[in-house]
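Report on the structure given below.
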Amino acid sequence: MISGRKTIFALAAIGTIAAGGAVQASQGTASITITGQVPLVCRISVDNSASALLNANGNKSELREFCNNGAGYRVVASYGKQLAAGRLIVDGQAIALDGSGEVVISDVAHAASIVRTIAVEGDGKTAGSIRFRIEPR
């Protein structure tokens, strides 16, 4: 009987050691890190009817903004002094052209692709120029 107890004890000890080893093996961790880089791309364009826009007669054009910068971007319009008394209409909202030569027309806090309707209101006689640029934050 004593030898039977020793055998049971020995088997129990082996089982505990084996279970302990299995627990240690399953607690191991591994990690994989995957990284990539996406180039920063910011573009702006005005549709083909841009020449109508430059006549300061209220004709509408489309302004296409695209920037994949997660922090956002802004769009700035630079205009000639001939349009200093006019207004730039962006998506129905009037922005005064105050003579400073530049005005921010869009300030976006995230990456975006947006199409805006734009037009210039002037006296109908003055021609001028407007240039648009996009600036990532």
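Tabulated results
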| read-out | value |
| --- | --- |
| Extension gain from Glu121 to Arg43, taking 0.36 nm per residue of separation minus the Cα-Cα distance | 25.6 nm |
| Packing rank of 61-71, 97-107, where each peptide gets the mean count of other beta carbons within 10 Å, highest leading | 61-71, 97-107 |
| Mean Cβ neighbour count within 10 Å, used as a protection proxy, ranking 77-89, 27-39, 110-122 highest first | 77-89, 110-122, 27-39 |
| Vicinal HN-Hα couplings computed from phi for the stretch 128-134 (Karplus, 6.51 cos²θ - 1.76 cosθ + 1.60; Hz; Gly/Pro x) | x, 9, 9, 10, 10, 9, 10 |
| Whole-Hz couplings from phi, Karplus 6.51/-1.76/1.60, listed for the stretch 63-76; x for Gly and Pro | 10, 10, 10, 8, 8, 9, 6, x, 7, x, 6, 9, 10, 10 |
| Integer Hz, Karplus 6.51/-1.76/1.60 couplings in order for the stretch 103-109, x for Gly and Pro | 8, 7, 10, 8, 9, 10, 8 |
| Cut-off 13 Å (backbone N to label point 7 Å along Cα→Cβ of Asn59), residues of the stretch 76-101 | none |
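Where a number appears in this text, it was derived from the coordinates with a stated rule and is not lab data. Keep in mind the model is a prediction, meaning the values are calculated, not measured. All Cβ positions, even for glycine, are placed from backbone atoms using ideal geometry, and neighbour counts span all protein chains on display.
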